[in-house]
Every structure is written in C-alpha cells, then in structure tokens.
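Written below as structure tokens is the structure these notes are about.
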Amino acid sequence: MTDQNEYVPVGKIIGTHGIKGLLKVYSYSGNIQSLQSATTVFLKGIDGYLTEFALKSVSAHAGGFILGLNDFSDINQVLYLKGLELCLKRSQLPIPDVDEYYWRDLIGLAVQTDLGIVLGTIVDIFETGSSDIYVVRGNDKEYLIPAIADVISEIDIPGKTMIITPLDGLLDL
C-alpha cells in the first residue's frame with residue numbers, strides 16, 4: 001500500500017499539446033523548478049492509484065507546463081491521461097520556508113478563532129493573486145479565510161489545527 005501523504009499534487013493534466021504525445025499541465029503552484037529537477041513523476045487517477053512515469057521534458061507554457069513522458073511519442077498514446085493529477089514525492093520538493101506550507105498539508109485542518117470558536121475544516125484552497133483563500137466548512141456554514149499574517153495566528157500541522165484572528169466582519173459574510 002502506498003502512503004498517499006508521501007506524494008504532493010503539483011498540477012493536473014488538462015489536455016494534449018501537439019501530436020507528439022506532449023501534455024498540457026495546469027500548475028497548482030507555478031513553480032517549475034521541482035519538475036525540472038525530477039527524473040520521474042507520478043500520475044494519480046480518480047481511484048487514487050499512482051503510476052510512476054519517467055520524465056522526458058518539461059517547459060513553461062501559458063501559466064502552466066508542457067510535459068513530455070518517456071515512451072510516449074504520439075497524441076493517441078496520452079489521451080487517456082487527461083484529467084489525472086500530477087504528483088511528486090515529498091523528497092523531490094524543496095522544504096518549505098518558515099510559515100510556508102503545502103496545500104495538501106493544510107486541507108483537513110480544523111480551524112478555530114483565537115477565542116476558541118470552532119469554524120470548521122479547511123476543505124479547499126484557491127489563489128486570488130494577492131493571497132490564497134482557505135475555504136472552511138462547518139456547522140452548515142462556509143467561511144472564506146484569507147491567508148494573510150493579520151488573520152492566521154497559528155498553524156499546527158502535527159496537531160491538525162489552525163487558529164485565526166478574524167478581521168472585523170470576516171465571519172459575518
């Protein structure tokens with residue numbers, strides 16, 4: 001059995017590129033360095049099963065990547081890969097700086113205010129350009145929490161918790 005926490009999703013295959021078996025990848029981070037230094041990648045199906053592929057090439061393209069995998073040289077060979085998630089092993093990724101986290105580590109954290117009010121769990125994260133937004137669901141309510149220092153007081157990955165200090169009106173929406 002594969003330890004799913006060992007693998008970090010870095011993008012999703014959104015289509016093919018040309019006729020030579022290249023793949024268009026939507027990047028979750030925009031960081032190409034980890035992919036450029038990797039020799040293998042893992043594709044994750046909707047069933048969660050991971051398959052390892054040797055990486056032939058990677059290049060930046062329109063905010064994402066163009067990926068070439070060994071043993072694929074024709075568009076018809078890669079059509080079935082569309083929609084699969086692109087993953088790397090944690091050991092292939094740089095160690096995050098202090099106060100930086102992989103999204104995979106944040107999803108599922110229990111979120112509460114600095115006054116102890118439980119808001120729910122982080123179920124999704126999206127980028128807005130200026131900061132990430134944490135989607136927190138709980139008690140039949142959804143909160144959009146900006147990932148900024150004024151709001152995020154503490155993140156405890158081992159303890160699976162996040163403490164926030166909400167700005168005025170943040171929780172009233």
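The sum of -39500 (n - 2.57) across all DSSP H runs of n ≥ 4, divided by the residue count of the chain, sets its helix-only mean residue ellipticity at 222 nm to -1000 deg cm²/dmol.
Within the straight-line cut-off of under 19 Å between alpha carbons, the lysines reachable from LYS82 are LYS12, LYS20, LYS24, LYS44, LYS56, sequence neighbours fewer than 8 places apart in one chain being disregarded.
The overall shape of the stretch 103-168, judged from the alpha-carbon gyration tensor, is rounded, with an a/c ratio under 1.5. Within the same chain, lysines fewer than 8 places from LYS141 are excluded, and of the rest, those with a Cα less than 25 Å from its Cα are LYS160.
Every number here is computed from the coordinates shown, using simple stated rules; none is lab data. Please read these numbers as outputs of a predicted model, since none were measured by experiment.
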